Amino acid sequence: MTLGRRAFATDEIQPGIHIRRGVDEDATAQNEDGIANIGFIMGRDAVAVIDPGGSLIDGERLRMTIRQVTQLPIKYVVMTHVHPDHVFGAPAFEKDHPQFVGHARLPRALALRETFYRERLERTLGKGNAGGAVRPTLLVQGHAEIDLGDRILALTAHGTAHTDCDLSVLDRKTGTLLPADLLFVQRVPSLDGSLRGWLQQLEQLKSVSARRAVPGHGPTSVDWPSGAADLERYLGILLRETKEAITKGLDLQAAVDKVAVSERSRWKLFDDYNGHNVTQAYKELEWEQ
Ligand SMILES: [Zn+2]
């Protein structure tokens, strides 16, 4: 495979906020792991990338897309969490010498997972195309701000939720929240952190003064906080029914077969992730009895 040196289409969901919609699939050679919503925000003086893409190819394409729109320097590459579909395009931006921004726990998560993720993606895309992790140069603990020139982005490092290193971005200028994979819409969520933690973080995010949000997967923009309703319902059912299964003494496999099946028709890729989510929830909740 050769590097796909083509820009891609983005939606300018608000002035200066450009988002590429990821496809609702798992990584394949055809989609180049362009499965997450990624994009960039332009200020007066600089550009921030918010998630550099799912592979080196995806990152290169994002960079080309940015360069078709602006020649402003790319000063920040925000990596919202450890999952490769969001961050493996980071090496495409090393030549810009940006600050690579991440949650304070991101370096540890990358150290534990990068080799596994890279080898798996190389099998799909071919060596040299997968990209990989870039060490963050700017770590966020609690809250931080970055200034793009007449445009402040507020960053929040969250407690364990979708993963243990979720970082969200709020563009105060337009009231646009970019919670990355703390928000799934239409595509079934994947739980890789804490179910109770995710529900807590979602509750906090709902009180953020934003009018719209950019899901990590799904449409490029949804109303906020109403756009969180389906995710909240699914996570609530996952919590309630997994607890019930444990209380009734169901073993893990019986729980996997039963929990949240009422949600099946409401989500894309449900069968690919729900069983894994139930397994995660079961392990988290079984010690609470
Ligand atoms: Zn994720």
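When segment 4-22 is filtered for residues that are in a loop (DSSP other than H, G, I, E, B) and more than 15 Å from the ligand (Cβ to nearest atom), the ones remaining, listed by number, are G4, R5, R6, A7, F8, A9, T10, P15, G16, R21. Of everything in segment 139-160 that is outside any loop (DSSP other than H, G, I, E, B) and in contact (Cβ under 8 Å) with a residue 60 or more places away in the chain, the residue that is farthest from P107 (Cα to Cα) is D147.
Checked against (1) touching a strand residue (DSSP E or B) at 6+ places or on another chain (Cβ under 6 Å); (2) not in a helix (DSSP H, G or I), L231 passes all but condition (2). Within segment 23-48, the set of residues being in contact with a Phe, Trp or Tyr (Cβ under 9 Å, 6 or more places away or on another chain) and either within 15 Å of the ligand (Cβ to nearest atom) or assigned to a loop (DSSP other than H, G, I, E, B) (or both) comprises D33, G34, A46. Only one of R196, R187, R211 is farther than 20 Å from S262 by Cα, in contact with a Phe, Trp or Tyr (Cβ under 8 Å, 6 or more places away or on another chain) and modelled with pLDDT of 95 or more; which? R211 is the lone residue from the list that is farther than 20 Å from S262 by Cα, in contact with a Phe, Trp or Tyr (Cβ under 8 Å, 6 or more places away or on another chain) and modelled with pLDDT of 95 or more. In segment 156-186, which residues are of a type in the set (D, E, K, R) and either away from the ligand (no atom under 14 Å from the Cβ) or open to solvent by 10 Å² or more (accessible area, probe 1.4 Å) (or both)? D164, D171, R172, K173 - these are the residues of segment 156-186 that are of a type in the set (D, E, K, R) and either away from the ligand (no atom under 14 Å from the Cβ) or open to solvent by 10 Å² or more (accessible area, probe 1.4 Å) (or both). Here R120 meets each of (1) more than 16 Å from the ligand (Cβ to nearest atom); (2) not in a loop (DSSP other than H, G, I, E, B) with one exception, condition (1).
Restricting to segment 49-92, and then to whatever is among the polar types (S, T, N, Q) and assigned to a loop (DSSP other than H, G, I, E, B), can you tell me which residue is most open to solvent (accessible area, probe 1.4 Å)? It comes out as Q71.
The values are calculated or read from the model by the stated rules, or taken from the named source; none is laboratory data. Computed from a predicted structure; not experimentally measured. Every residue, glycine as well, gets a Cβ built from its backbone with ideal geometry; the counts of neighbours run over all protein chains shown. These accessible areas exclude ligands, DNA and RNA; they are computed on the full protein's heavy atoms, side chains included. Shrake-Rupley method; radii C 1.70, N 1.55, O 1.52, S 1.80 Å.
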